[in-house]
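The values are calculated or read from the model by the stated rules, or taken from the named source; none is laboratory data. No experiment lies behind these values; they were computed from the predicted model shown. Every residue, glycine among them, receives a Cβ derived from its backbone with ideal geometry; neighbour counts consider all protein chains shown.
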């Protein structure tokens, strides 16, 4: 492309000025060869700009969506019967910390953090 651009520019210059001096021709060819690197970056930059525009449009459409409301379902009580709760341990310990045979019952409408935890777990799944 720079060869065609240089040839076209020099042809127009020669046609308009009716005189072509060697110093002008070689200086112009040198300038056009310097532009070659700059012009070769343009297609990649345009592609990146178009990709960024598509990404911005997708993010914008996601942000404009309504929040999903989960239905609240009244249930019975929250309880653990003979439950075992464990935490991960390092490889040097055969078995990590484990609480076994836990029996626990929470009163109805008294423990809001269990409700929030259950909602978080439902959304995560």
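Please state which one of 82, 65 is on the phi > 0 side of the Ramachandran plot and either assigned to a loop (DSSP other than H, G, I, E, B) or loosely packed, with under 10 Cβ neighbours inside 10 Å (or both).
Sole residue among the options that is on the phi > 0 side of the Ramachandran plot and either assigned to a loop (DSSP other than H, G, I, E, B) or loosely packed, with under 10 Cβ neighbours inside 10 Å (or both): 82.
Conditions tested, residue by residue: (1) closer than 30 Å to residue 4 by Cβ; (2) at pLDDT below 85; (3) touching a helix residue (DSSP H, G or I) at 6+ places or on another chain (Cβ under 7 Å); (4) not in a loop (DSSP other than H, G, I, E, B).
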| site | (1), (2), (3), (4) |
| --- | --- |
| 43 | yes, no, no, yes |
| 47 | yes, no, no, yes |
| 58 | no, no, no, yes |
| 61 | no, no, no, yes |
| 71 | no, yes, no, no |
| 109 | no, yes, no, no |
| 117 | no, yes, no, yes |
Say whether the condition of being closer than 30 Å to residue 106 by Cβ and loosely packed, with under 11 Cβ neighbours inside 10 Å is met by at least one residue in region 39-62. no
